[in-house]
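Enquirer: So that we are looking at the same thing, I have put the structure below in structure tokens.
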Amino acid sequence: MQNRSAKELREMFLQYFEEKGCKRYHSFSLIPDDPTLLFTVAGMVPFKPYFLGIKKPEVLRATTAQKCVRTNDIENVGRTARHHTFFEMLGNFSFGDYFKEEIIPWSWEFMTERIGLEPERLYATIYLDDDEAHDIWRDKVGLPEERIIRLGDEDNFWAAGPTGPCGPCSEIIYDQGPEYSCGKPDCAVGCDCDRYLEIWNLVFMQFNRDEAGNLTPLPKKNIDTGMGLERLASVVQNVPTDFETDLFLPIIEEISKIANVTYGSDPKKDLAIKVIADHIRASAFMIADGILPTNEGRGYVLRRLIRRSIRYGRLLGIERMFMASLLPVVQTAMGVEYHELEEQSSAIEQVLNTEEDRFSRTLVQGSELLDTEVKKLVSDGVKVLPGEVAFVLYDTYGFPYELTEEICDEHGFTIDKDAFETEMEAQRERARASSKQASAVMAKSAYSDIREKSGTTNFVGYTMTEIETQVVAIIVDGEERDLLNEGESGDVILADTPFYAEKGGQVGDTGSIAQERVIFDVKDTVAPVDDLTAHRGTLLKGTLTKGALVKASIDAERRKAIQRHHTATHLIHEALTRVLGKHVRQAGSIVTPTFLRFDFNHFAQLTSEQIHDVEKLVFEQILKDLPVLTEEMSIEDAKKTGARALFDEKYGDLVRVLCVEGFSTELCGGTHVKRTGEIGVIKIVREEGIGSGIRRINAIVGQTAFDIFQRMGFAVAHLVTIFGDDMENITSRVEELMDEKKVLERKNRELQVKSATTNIQDSVKPAASVNGIDFIVEKFQNISIELIRQIGDKIRQKYPTSVILLIGVGEEKRVNMTVMASDEAVAKGMNAGTLMKEITAVMGGKGGGKPALAQGGAANDEKLGEAMQKAPAIFENLMNAKG
Ligand code: SER
């Protein structure tokens with residue numbers, strides 16, 4: 001068999017299936033479009049809707065080399081020949097098209113004729129009663145009967161998860177030879193050891209399994225096959241484990257170089273090197289697909305992988321940051337196919353460095369704490385680490401629980417997991433309690449009572465703007481009332497309402513509740529308890545009584561403006577995901593009639609190009625005038641549509657799915673426009689960071705956006721008139737002017753110095769002279785300290801052996817003083833600092849400094865005259881005293 005690189009093998013596979021009519025797709029993201037899965041765990045995941053018959057595929061045959069992440073066996077990585085967190089699955093798929101008859105012979109042809117594996121080393125396993133597969137292997141392929149092995153559910157029935165598409169499968173097994181055997185007497189095909197290697201899994205996907213475990217036949221029979229590229233490479237390259245293939249070896253060599261150790265010299269060190277080599281591949285690809293290290297979900301898995309690598313790095317003696325420096329070898333090993341690594345390289349580097357830096361700071365203290373704790377327990381003869389310690393390590397030092405567990409395991413310890421969970425729960429409770437608003441808790445009871453007595457409010461505002469209804473209750477200052485008098489403020493509860501109560505970022509409606517000669521002005525609408533709407537406002541006219549029949553009308557124009565901003569928020573969310581990546585998740589929002597605010601996670605400031613792209617993408621959807629549709633369904637069904645949901649939001653059993661046709665699908669209870677065209681126009685007015693990893697966008701649409709555009713237009717038109725230039729040249733014209741202004745300002749300063757100093761040189765006369773040292777006093781109005789010094793230098797040219805006192809009187813009559821004493825003056829005993837102190841003391845001011853230079857001043861110039869008068873005498877005194 002010819003030796004081939006992993007890149008060649010990947011290409012041969014894809015080409016082979018292209019020859020068989022399959023469309024080649026680039027690997028799909030590691031983030032599946034599937035709420036039931038955390039990661040893409042197999043090549044078939046992106047195609048799930050086609051197998052289930054929910055969506056129509058664009059082709060009936062497909063092939064991919066798919067990036068996959070599986071972390072259930074993370075502890076085995078590096079300990080065995082073939083466990084990885086990240087791997088590539090070579091796959092080919094038929095959506096109701098070719099089936100067993102075709103795929104079995106094709107797989108054989110590919111393995112033996114294209115790759116050149118020896119047929120004598122190959123076996124096929126099949127599902128217990130799958131005679132069809134059996135016959136094809138025997139009769140069409142010609143595989144001897146004894147090399148077709150029937151196995152049960154565990155080995156030969158494949159499913160992506162507890163529910164979903166599944167079916168019997170047939171696996172191609174490669175016999176690595178007796179030297180790889182575990183040596184057990186019953187070691188045979190199906191044994192978990194390294195001898196009989198499962199290389200390629202052919203799944204005959206025929207069923208869907210529901211939550212109760214029932215299998216129902218799928219509308220069509222499908223094929224899903226998957227072969228681990230790492231395994232195939234290890235067989236073809238004839239190396240004992242995946243880690244010696246060209247997919248891993250360059251990375252391993254780089255780690256060994258950084259750690260200055262020889263791979264293969266010490267099993268403990270090899271383990272650490274293999275773990276890092278595995279985890280850096282996974283981390284790089286996860287970040288490239290937009291996952292960021294966090295404390296939940298995918299982000300938590302990523303954080304664990306990075307932190308685990310760093311700890312293994314320390315075990316190898318690597319003390320500096322090293323993860324990001326492995327990226328170039330990862331890129332080279334994976335090849336050009338994975339352009340995302342190259343495109344996202346700076347983001348990957350930045351994220352790795354930040355996480356490494358963050359964890360490095362606490363790793364040492366955390367490890368010491370754990371060490372001390374372990375030693376203490378050992379001396380006490382206890383082998384269980386208290387959950388509280390694991391919690392402190394998690395909470396304060398950032399040790400993922402599983403990492404602490406692993407370290408404990410190395411010492412033969414376990415963790416009291418229940419106690420850890422209790423601490424975690426207590427912390428969640430603290431977080432929940434602190435976020436609740438005290439006032440809401442206090443006022444709740446009256447509203448809950450009403451809801452209990454009269455039921456929930458019937459919201460009709462998705463379709464109506466006004467309704468005739470009845471006043472159910474009136475509440476003033478938390479107490480129920482029977483009536484409200486003119487001028488009084490309070491909350492009115494109605495049986496039905498078109499008023500939307502503030503929720504999910506959308507502000508509450510305003511409007512009126514009226515009867516003949518009665519008007520209640522609704523200034524805000526809230527839901528103090530779930531499903532009960534309180535109309536908050538003031539009675540402008542008449543008397544409002546409980547039980548009265550009224551007409552409730554919202555301010556419909558305002559509501560329309562709110563709706564425009566709300567639908568725009570959904571468009572922005574989707575556009576951000578498309579421009580920045582799938583990691584973008586909503587972290588909060590505000591939707592008002594005049595602006596919207598959208599917070600989301602992203603690690604860097606948006607460039608102006610990105611902002612433009614988002615704006616443009618949203619505007620394109622507005623121009624397309626897409627229908628905005630809503631549908632109520634169960635949360636399960638909603639998830640199946642791929643609707644985006646907020647992470648921490650609690651949803652009821654029945655949810656509302658909002659879909660901007662062909663663009664975005666999201667769970668949302670808010671109110672929206674009917675078609676995107678109503679939004680009119682969009683402008684993002686601001687983008688800013690509001691905390692670690694969270695960005696905020698402020699945007700306006702509809703009338704507000706139009707107003708801004710108009711104002712901007714006026715401003716530009718005005719500028720154009722002033723400058724007599726055209727619009728395109730205005731900015732460069734203004735820049736030119738700013739530059740000219742700077743030049744003029746500088747020239748002006750120079751002129752000021754020049755004019756001040758020319759006059760001065762002529763007019764300056766010493767106020768005193770002692771021992772050949774002249775004392776000069778000069779006063780200026782509104783002059784900078786910088787300029788004063790320059791003037792001082794000029795005077796010094798005329799009076800080289802002198803003490804110069806320069807006084808500046810500035811804004812609000814503040815006095816600034818500078819004393820400059822020449823070397824001779826200092827040599828003859830003058831100290832500018834002392835002189836300054838004494839002169840400023842006359843004004844009740846302050847000052848001091850060094851012998852040659854001093855500064856001082858006073859809050860006002862009231863006593864400046866006196867100080868100037870006394871100055872020569874003070875100078876003389878000091879000179880005489882020293883001289
Ligand atoms: N889905 C199957 C597997 O993961 C074959 O691709 O093994």
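Each value in this text was obtained by applying a stated rule to the coordinates, not by laboratory testing. All of these numbers come straight from a predicted model, not from anything done at the bench. Here Cβ is always computed from backbone atoms with ideal geometry, including for glycine, and neighbour counts include all displayed protein chains.
Enquirer: What do you get for the angle between helix 785-798 and the principal long axis of the chain? Use alpha-carbon atoms, 0 to 90 degrees, nearest ten.
Expert: So the helix axis and the longest Cα principal axis differ by about 50 degrees.
Enquirer: Ranking request for peptides 733-744, 60-71, 109-120: highest mean number of other beta-carbon atoms within 10 Å first, then the rest in descending order. Walk me through the intermediate numbers first.
Expert: Numbers: 733-744: 10.8, 60-71: 22.2, 109-120: 14.9.
Top of the packing list down: 60-71, 109-120, 733-744.
Enquirer: Sticking with this one: Set the bar at 24 Å for Cα to Cα. Now go through Lys56/Lys100; Lys523/Lys551; Lys55/Lys616; Lys48/Lys274; Lys742/Lys779 and name every pair that lies beyond it. Walk me through the numbers before you get to the answer.
Expert: On the way: Lys56/Lys100 22 Å; Lys523/Lys551 16 Å; Lys55/Lys616 29 Å; Lys48/Lys274 33 Å; Lys742/Lys779 28 Å.
From Lys56/Lys100; Lys523/Lys551; Lys55/Lys616; Lys48/Lys274; Lys742/Lys779, over 24 Å: Lys55/Lys616; Lys48/Lys274; Lys742/Lys779.
Enquirer: Students often forget the sequence filter, so: which lysines lie under 23 Å Cα-Cα from Lys269 once same-chain residues fewer than 8 apart are removed?
Expert: Lys257
Enquirer: Is the shape of the range 136-294 best called rounded, prolate or oblate, per the rule: a/c under 1.5 gives rounded, else a/b larger than b/c gives prolate, else oblate, with a ≥ b ≥ c the square roots of the Cα gyration tensor eigenvalues?
Expert: Numbers: a/c = 2.49, a/b = 1.40, b/c = 1.78.
Cα axes put the range 136-294 in the oblate bin.
Enquirer: Add +1 for every Lys or Arg and -1 for every Asp or Glu among the other residues with Cβ under 9 Å from the Cβ of Ser802, and state the total.
Expert: Working: positive: Arg796, Lys798; negative: Asp774, Glu824.
Neighbourhood net charge equals 0.
Enquirer: Relative to the longest principal axis of the chain, what angle (0 to 90°, nearest 10) does the C-alpha long axis of helix 438-454 take?
Expert: Approximately 50 degrees, to the nearest ten.
Enquirer: Sticking with this one: With a sphere of radius 12 Å drawn around the Cβ of Gly508, what net charge do the other residues whose Cβ falls strictly inside it have (Lys, Arg +1; Asp, Glu -1)? Write out the running numbers ahead of the final one.
Expert: Numbers: positive: Lys503, Lys523, Arg536, Arg558, Arg559; negative: Asp491, Glu502, Asp509, Asp524, Asp555.
Counting the neighbours of Gly508, the net charge comes to 0.
Enquirer: While we're on this one: Which of the aspartates and glutamates could be linked to Lys20 by a straight reach, that is with a Cα gap under 20 Å, when you skip same-chain ones fewer than 8 residues away?
Expert: Glu8, Glu11, Glu58, Asp97, Glu101, Glu102, Glu109, Glu113, Asp224
Enquirer: A further question follows. Residues with beta-carbon under 12 Å from that of Ala473, excluding Ala473: net charge, scoring Lys, Arg +1 and Asp, Glu -1? Intermediate values should be presented prior to the final figure.
Expert: On the way: positive: Arg451, Lys453, Arg481, Lys546; negative: Asp449, Glu452, Glu479, Glu480, Asp482, Asp491.
Net local charge, Ala473 excluded: -2.
Enquirer: Relative contact order, percent, of the chain when contacts are C-alpha pairs under 8 Å separated by at least 6 residues?
Expert: On the way: 1621 pairs, mean separation 51.4, N = 883.
After rounding, I find 6 percent.
Enquirer: Turning to a different aspect of this structure: Report, in degrees rounded to the nearest 10, the 0 to 90 angle that the Cα long axis of helix 345-380 makes with the longest principal axis of the chain.
Expert: In the chain, helix 345-380 runs at an angle near 80 degrees to the longest axis.
Enquirer: Of all beta bridges DSSP finds with both residues in the range 570-711, what is the antiparallel percent, to the nearest 5? Don't skip to the end; give the middle numbers.
Expert: Working: 30 of 31 bridges.
Antiparallel bridges: around 95 percent, rounded to the nearest 5.
Enquirer: Next question, about the same structure. On a full-extension model of 0.36 nm per residue, what is the gain between Asp33 and Glu101, subtracting their alpha-carbon distance, rounded to one decimal in nm?
Expert: Details: separation 68, 0.36 × 68 = 24.48 nm, distance 3.13 nm.
Going from the current span to full extension adds 21.3 nm.
Enquirer: Apply the a/c threshold of 1.5 to the C-alpha gyration tensor of the chain and tell me whether it is rounded, prolate or oblate. Mind showing how you got there, number by number?
Expert: On the way: a/c = 2.31, a/b = 1.47, b/c = 1.57.
The shape class here is oblate.
Enquirer: Once you order the gyration tensor axes a ≥ b ≥ c over the Cα atoms, which shape class does the range 44-131 get: rounded for a/c under 1.5, otherwise prolate or oblate by comparing a/b with b/c?
Expert: Numbers: a/c = 1.83, a/b = 1.10, b/c = 1.66.
Because a/c hits 1.5 or more and a/b fails to exceed b/c, the range 44-131 counts as oblate.
Enquirer: Looking at the chain, send over the antiparallel percent of its DSSP beta bridges, to the nearest 5. Numbers along the way, then the final one.
Expert: Numbers: 127 of 147 bridges.
Here the share of antiparallel DSSP bridges comes out near 85 percent.
Enquirer: Can you count the Lys pairs in the range 313-466 whose Cα atoms are under 30 Å apart, with each pair 8 or more apart or on different chains?
Expert: On the way: Lys375/Lys383; Lys375/Lys417; Lys376/Lys417; Lys383/Lys417; Lys417/Lys436; Lys436/Lys444; Lys436/Lys453; Lys444/Lys453.
So the count of such lysine pairs works out to 8.
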